[in-house]
1. Could you pull out every whole DSSP H run in the chain that spans at least 20 Å of Cα extent along its own axis and averages -1.0 or higher on the Kyte-Doolittle scale?
2. Measure out, as a whole number of angstrom, how far apart the alpha-carbon centroids of region 113-132 and region 1-18 sit.
3. Less than 13 Å Cβ to Cβ from Gly114, Lys/Arg counted +1 and Asp/Glu -1: what total charge do the surrounding residues give?
4. In the P(r) worked out for region 11-65, what percent of Cα pairs fall beyond 14 Å?
5. Quote the charge dipole size of the chain about the Cα centre in Debye, to the nearest 20; the model charges only the Cβ of Lys and Arg (+1) and of Asp and Glu (-1).
6. In units of 2.2 N^0.38 Å, what is the alpha-carbon radius of gyration of the chain?
Amino acid sequence: MDIRLILVIVIMSLSIADLVLTAYYIDTYKKWQPNKPFKLMELNPLLVFLWNRMGFIIGIIVGSVVILSLNFLVSKYSHWVIALILLGFLIYAMITHIHNITLLQKLMEQYPSGYLPPQIFEEVIGNNLKGG
C-alpha cells in the first residue's frame, strides 16, 4: 500500500467522523434550543445553506456527498502538501468537536430548560423562554 492511498483513507475517515460529529452536535443543540439559527451553531456555509433550504436530514445528506467528494478529489489528486494541509484541518476539526460537544453537555446540564440568563450570557439569540 502506498502513502497516497493511506493518506486518502485517513482523510476520508476523518471527513466522515467530522460530518457525523457535526450532525450529532447540531441535532443535540437543536433539541436543547430549537429556535437557535443554524448559522450560530455551524461555521460551514454550505451546510448552513443546505439545512436552511432543505431541512436538517436532507441537507446533511446532500452536504455529505459534496464534502466527501471534494475531500476525496483533493486527497487523491492534489499535491501531497495540499492533502497534508487538509489532514491538518480535519485533525483541528476533531479537536474542536470534542471541545464544543463537551461545552454543550456542560451547558445542558447546568441549564436543562435551554434558557440562558441574560445576566450571565447577555442577549442569546435563539434562547428558550424562561420557565419553558
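Computed from the coordinates by the stated procedures, all read-outs in this text should not be read as laboratory data. The structure displayed is predicted, hence computed values, not measured ones. Glycine gets a Cβ as well: all are built from the backbone with ideal geometry, and neighbour counts include every protein chain shown.
1. Helix filter hits for the chain: 3-32, 56-77, 80-110.
2. 41 Å
3. +3
4. 51 percent
5. 200 debye
6. Values: Rg = 17.4 Å, N = 132, 2.2 N^0.38 = 14.1 Å.
Cα-based Rg divided by the globular estimate yields 1.24.
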